[in-house]
Structure formats: structure tokens, C-alpha cells
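See below for the structure under consideration.
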Amino acid sequence: PHRTNDPALADFFLVPVWAGCYISRFSRPHPGHHDLTHLSNQYPEVRVPRAARTSRLLLSAMQYISHEWPYWNKSRGADHMWTMPHDEGACLAPIEFERSIF
């Protein structure tokens, strides 16, 4: 079987963070939406380049996982799979993901 309800029996862990949707221009109201300067007053994070924002999102997910469950810490992420569907893909991954699977 490829799926188990017992994490102790798992060979790998899929981390369901869809960074591709987060950075995709197609998930925005129109192209360049994330780069619009008029949003920077309402959303200061818009001033940060989208690659850095995506990296922060992934790092935040990793920190949550490592604090909530022991499995990340057991392998330092070597048995955790992340989806990186865009051509930028793993280039946006934080250095803490170096042992993970992309």
C-alpha cells in the first residue's frame, strides 16, 4: 500500500503545501497582481519579491511541521516530499530543505 494511517510505518511524508499556486500568476485576478505597488500599503509583504515570499511560506510550513510532529526532526526532512511544480521549483526552497525530496 502507498498510504498508511500510522506515521511510524510510513516510508515518506507528502507535505501538502502548494507553493506553485502561491506564486502562480494564474491564481491571481490578473497578471502581475502580486507586483502591484498600490497593494503595498495594505499588504506590506507585497514589497518583498515573490520568490522570497514563497520561500518564507515553505519555511513557515516546515517550522510548523517540525514543532507539531516528530517525524521531520527524526530524519531532518530526508523522508519528506514537497511539490515544486513550476520551473522555479526547488530554487525557491529554503536551505533547510536540503535533505528533502522535490
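The table that follows gives values for the structure above.
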quantity: Which numbered condition Cys91 fails, given (1) modelled with pLDDT of 75 or more; (2) open to solvent by less than 50 Å² (accessible area, probe 1.4 Å); (3) not small (Gly, Ala, Ser); calculated: (2)
quantity: Pair list, Cβ under 9 Å, 6 or more apart: segment 39-68 residue at pLDDT below 70, other residue outside any helix (DSSP H, G or I); calculated: Val46/Leu36; Val46/Ser40; Arg47/Ser40
quantity: Subset of segment 3-15 [open to solvent by 80 Å² or more (accessible area, probe 1.4 Å), in a loop (DSSP other than H, G, I, E, B), touching a residue at least 40 places away in the same chain (Cβ under 8 Å) and not charged (D, E, K, R)]; calculated: Phe12
quantity: Residue count, segment 61-81 (criterion: aromatic (Phe, Trp, Tyr) and open to solvent by less than 20 Å² (accessible area, probe 1.4 Å)); calculated: 1
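The values are calculated or read from the model by the stated rules, or taken from the named source; none is laboratory data. Because the structure is predicted, anything quoted here is derived from the model rather than measured. So basically every Cβ, Gly included, is an ideal-geometry build from the backbone, and we count neighbours across all protein chains shown. The area values use the complete protein model at the heavy-atom level, side chains included, leaving out ligands, DNA and RNA. Shrake-Rupley method; radii C 1.70, N 1.55, O 1.52, S 1.80 Å.
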